[in-house]
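Notes to accompany the following structure.
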Amino acid sequence: MPVSNYQLVTAWKQVLTLSKLEPGQTVTILTGAATHPQTLECALIATQEMGAIVNRLDLPPVNGEKAHSRDSLAYLGTTPLTGNPAAIAALTASDLVLDLMTLLFSPEQHAILSTGTKILLAVEPPEVLVRLVPTEADRTRVKTAAARIDKSREMHITSAAGTDLRCKLGEFPVISEYGFVDEPGRWDHWPSGFALTFPDEGGSNGSIVIDKGDILLPQKRYCSERIVLTVENGYATKIEGGIDAELLNDYMAAFNDPESFAISHIGWGLQSRARWSTLGLYDREATIGMDARAFEGNFLFSLGPNNEAGGSRTTTCHIDIPLRKCTVRLDGEDVVREGKVLDQ
Ligand SMILES: [Fe+2]
């Protein structure tokens, strides 16, 4: 069901207030062919009402002919900012960029952030933004989990379905996604609510069982049968199962890149207002699946790049897979037990 402009403006103002937007600061709203018109309209109203100097930068799409899905996270690498210094200059000169287009995993995004500009991604449909509008409590919970990861040297994930994966930690930073940008140079995604890191290069071993009902993104489907991933020295070396495994293998083979099979980010969901079941209620092109990524107690892992955390892997393939009912241990201590978050 739709939300009113009043509701979405109010949500934007909550996010912008948490992001410490001050009168006189410059906000640039980055838009593209898939930007939701209501999200843009309400962002324009909220930013002006808060006294910001507001620009809009609309850029043409790229990679559509290469991607096999319309999902904005399905094909990474070049963005409309690649080789576009004029656009980069406009964003760098802004205090805050509202990314209604999707710049994720691009070197240009890193360059802009390094100047102190904040970037907030918001591409989910308006009613999802309103339902999952972030709070200060979300930040506290995610930061607490991130601090636990930060002091740990191993994440061990198990499940009754058969997952038994060990990941060495420490090489890459921990990332907190709580839905707003309250520090200079910070990137975040509204909506979210999870903590993550990346395993040490080559430091993941074991097996991952994607169980019936677990979700594949960008496929945006619930698995109908188990998929078993054998993980050796940081890579999924075998992906076995029935039709769901065949579909995943065929999708990944199209990228023709062995780096696609690397274990990328690992972490768990902390957002109690996000739900596992929501994805089944949406057309695939209407959502990027943030409920699936953030629902409380999932173990979210990814196959693909690690350049978002400073690594050198820039493969264009990116699969996010939230698993239910896992136990996550940090240095032998449970932080999620059979899909239930154990808050400290
Ligand atoms: Fe991901």
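For segment 39-138, taking Cα atoms only, what is the radius of gyration to one decimal and the Dmax to the nearest whole Å?
14.5, 41
Run down the lysines and flag those whose C-alpha is under 28 Å from the C-alpha of LYS20, throwing out any fewer than 8 positions away in its chain.
Leaving aside lysines fewer than 8 places away in the same chain, those within reach of LYS20 are LYS118, LYS143.
So, how do all the Cα-to-Cα distances of segment 119-162 break down into 10 Å bins, in percent, from 0 on up?
Going from the shortest bin to the longest, the percentages are 19, 30, 31, 20.
Where does the charge balance sit around TRP187 when Lys and Arg score +1, Asp and Glu -1, over other residues with C-beta under 11 Å from its C-beta?
Numbers: positive: LYS118, ARG186; negative: ASP99, GLU177, GLU183, ASP188, GLU308.
That sum, taken over residues with Cβ under 11 Å, equals -3.
Expressed in nm², what is the orientationally averaged projection area of the convex hull enclosing the Cα positions of the chain? Could the numbers behind the result be given before it?
On the way: hull surface 61.4 nm².
If you wrap the Cα atoms of the chain in a convex hull and average its projections, you get 15.3 nm².
Calculate, for the chain, the solvent-accessible area per residue in square angstrom, rolling a 1.4 angstrom probe over the heavy atoms of the protein chains. Spell out each step's value before the answer.
Details: 13860 Å² over 344 residues.
Value for the chain: 40 Å² per residue.
According to the Kirkwood expression over distinct Cα-Cα pairs, how big is the hydrodynamic radius of segment 196-344, in Å?
On the way: mean 1/r = 0.0640 Å⁻¹.
Here the Kirkwood hydrodynamic radius works out to 15.6 Å.
Taking springs between alpha-carbon atoms closer than 10 angstrom, which of TYR235, TYR75, TYR251 fluctuates most in the Gaussian network model of the chain?
Checking each option, the largest mean-square fluctuation is seen for TYR251.
If each DSSP helix of 4+ residues adds -39,500 (n - 2.57) and the sum is divided by the residues in the chain, what number results at 222 nm, nearest 500 deg cm²/dmol? Present the calculation step by step, with values, prior to reporting the outcome.
Details: 8 runs with 79 residues, N = 344.
After summing the helix terms and dividing by the residues of the chain, the value is -6500 deg cm²/dmol.
Mind checking Rg over Rh on segment 186-228, alpha carbons, Kirkwood formula for Rh? Please list the in-between numbers first.
Working: Rg = 14.2 Å, Rh = 13.3 Å.
We get a ratio of 1.07 for segment 186-228.
Place a point 7 Å from the Cα of ASP257 along the Cα-to-Cβ direction; which residues of segment 51-70 have their backbone N under 15 Å from it?
Of the residues in segment 51-70, 63-69 have backbone N under 15 Å from the label point off ASP257.
How many percent of the accessible area of the chain is carbon or sulfur, using a 1.4 Å probe?
52
Efficiency by 1/(1 + (r/R0)^6): what FRET value for GLU246 and GLU49, r their Cβ-Cβ distance, R0 = 45 Å, to the nearest 0.05?
On the way: r = 52 Å, r/R0 = 1.15.
Computed FRET efficiency for GLU246 and GLU49: 0.30.
Pick from THR327, THR314, THR135: which is most flexible by mean-square fluctuation in a GNM of the chain where alpha carbon atoms under 10 Å apart are linked?
Looking only at THR327, THR314, THR135, the largest GNM fluctuation is found for THR135.
When the scattering of segment 91-141 is computed by the Debye formula from its Cα atoms alone, each counted once and equally, what is log10 I(q)/I(0) at q = 0.20, 0.27, 0.28, 0.32 Å⁻¹?
Calculated log10 I(q)/I(0) at the listed q: -0.82, -1.01, -1.03, -1.11.
Springs between alpha-carbon atoms under 10 Å, Gaussian network over the chain: tell me which of GLY185, GLY332, GLY193 tops the mean-square fluctuations.
Between GLY185, GLY332, GLY193, it is GLY332 that shows the largest mean-square fluctuation.
Can you return the lysines within cross-link range of LYS220? Criterion is Cα-Cα under 21 Å, with same-chain partners fewer than 8 residues away left out.
Straight-distance partners of LYS220: LYS66, LYS212, LYS325.
The values are calculated or read from the model by the stated rules, or taken from the named source; none is laboratory data. Note that this is a predicted model, so its numbers are computed, not measured. So basically every Cβ, Gly included, is an ideal-geometry build from the backbone, and we count neighbours across all protein chains shown. Heads up: the accessible areas ignore ligands, DNA and RNA and are worked out on the full protein's heavy atoms, side chains in. Shrake-Rupley method; radii C 1.70, N 1.55, O 1.52, S 1.80 Å.
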